[in-house]
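J.: This is the structure, below, for whatever I ask next.
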């Protein structure tokens, strides 16, 4: 498995987009708008591959000079629970640290809270609804 930062608009990005639609959007009856996707050109796009096949992905969006927001974490359904998400999280945290960021935060779906807690993320504040799904703000200070 290879973990890497990919380029917006590339063939790898198109694979990432299909995975995110299948795992994160279709189950909710949602898609992405052109405006939503256009904003990703300035984001840090991370993906895990086996040869040319995407296994999982996430996006890091700058909130300010100290904080990145982890978004759109997805792993192929048949590969969940096999360490791919863990490897992506570790890669994302190390990349954020290397770029000088101090905090990684996210809007975590309530169904994923346990996954993020294993990596030291803590809930901040009350539950809220986003994309028709219950979420909590979670955060970790990168040391």
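J.: Can you run down the residue pairs with Cβ atoms below 9 Å, 6 or more apart or on separate chains, where the first is in region 24-44 and in contact (Cβ under 8 Å) with a residue 60 or more places away in the chain and at negative phi and the partner is in a helix (DSSP H, G or I) and surrounded by 13 or more Cβ atoms within 10 Å (Cβ to Cβ)?
T.: Note: pairs meeting the criteria are 30/21; 30/24.
J.: I need a count of the residues in region 6-21 that are under 24 Å from residue 109 (Cα atoms) and touching a residue at least 40 places away in the same chain (Cβ under 8 Å).
T.: Residues flagged as under 24 Å from residue 109 (Cα atoms) and touching a residue at least 40 places away in the same chain (Cβ under 8 Å) within region 6-21 amount to 3.
J.: Quick check on my filter: what residues within region 81-99 are at pLDDT 95 or above and over 15 Å from residue 142 (Cα atoms)? Steps first, please.
T.: At the first step, the residues of region 81-99 found to be at pLDDT 95 or above are 82-99.
Within region 81-99, 82, 83, 84, 85, 86, 87, 88 meet the criteria.
J.: Counting just the residues of region 90-115 that are touching a helix residue (DSSP H, G or I) at 6+ places or on another chain (Cβ under 8 Å) and closer than 20 Å to residue 67 by Cα, which one comes out surrounded by the most Cβ atoms within 10 Å (Cβ to Cβ)? Before the answer, list the steps.
T.: First, the residues of region 90-115 that are touching a helix residue (DSSP H, G or I) at 6+ places or on another chain (Cβ under 8 Å): 104, 106, 108, 115.
Remaining after also requiring closer than 20 Å to residue 67 by Cα: 104, 106, 108.
Numbers: 104: 25, 106: 23, 108: 22.
It comes out as 104.
J.: Moving on. Give the number of residues within region 24-42 that are surrounded by fewer than 17 Cβ atoms within 10 Å (Cβ to Cβ) and either touching a strand residue (DSSP E or B) at 6+ places or on another chain (Cβ under 7 Å) or within 16 Å of residue 98 (Cα to Cα) (or both).
T.: Within region 24-42, the first condition is being surrounded by fewer than 17 Cβ atoms within 10 Å (Cβ to Cβ), and the residues that meet it are 25-39, 41-42.
From what is left, the residues that are either touching a strand residue (DSSP E or B) at 6+ places or on another chain (Cβ under 7 Å) or within 16 Å of residue 98 (Cα to Cα) (or both) are 28.
Result for region 24-42: 1.
J.: What are the residues in region 42-67 that are part of a strand (DSSP E or B), over 15 Å from residue 78 (Cα atoms) and either modelled with pLDDT under 95 or more than 14 Å from the chain's Cα centre (by Cα) (or both), if any? Give the steps one after another, and end with the answer.
T.: Start the filter on region 42-67 by keeping residues that are part of a strand (DSSP E or B), which leaves 44-50, 53-62, 67.
Checking which are over 15 Å from residue 78 (Cα atoms) leaves us with 44-47, 58-62, 67.
Residue satisfying the conditions is 67 alone.
J.: Looking only at region 111-143, which residues are free of Cβ contacts under 8 Å to residues at least 40 places away in the same chain and not in a strand (DSSP E or B)?
T.: Of everything in region 111-143, those that are free of Cβ contacts under 8 Å to residues at least 40 places away in the same chain and not in a strand (DSSP E or B) turn out to be 111, 112, 113, 114, 115, 116, 117, 118, 119, 120, 121, 143.
J.: Also, quick follow-up: If residue 85 satisfies all but one of (1) more than 11 Å from the chain's Cα centre (by Cα); (2) in a helix (DSSP H, G or I); (3) in contact (Cβ under 8 Å) with a residue 24 or more places away in the chain, what's the number of the condition it fails?
T.: Tallying (1) more than 11 Å from the chain's Cα centre (by Cα); (2) in a helix (DSSP H, G or I); (3) in contact (Cβ under 8 Å) with a residue 24 or more places away in the chain, residue 85 fails exactly one: (1).
J.: So, of the residues in region 68-81 that are part of a strand (DSSP E or B) and surrounded by fewer than 23 Cβ atoms within 10 Å (Cβ to Cβ), which turns out to be farthest from the chain's Cα centre (by Cα)? Even if it seems obvious, please write down each step before you answer.
T.: Here is the first cut: in region 68-81, the ones part of a strand (DSSP E or B) are 68-75.
Among the residues that remain, those that are also surrounded by fewer than 23 Cβ atoms within 10 Å (Cβ to Cβ) are: 69, 71-72.
On the way: 69: 8, 71: 4, 72: 4 Å.
It comes out as 69.
The values are calculated or read from the model by the stated rules, or taken from the named source; none is laboratory data. Treat the numbers as computed from the prediction; the structure is a model and nothing was measured. Reconstructed Cβ throughout: ideal geometry from the backbone, glycine too, with neighbour counts over all protein chains shown.
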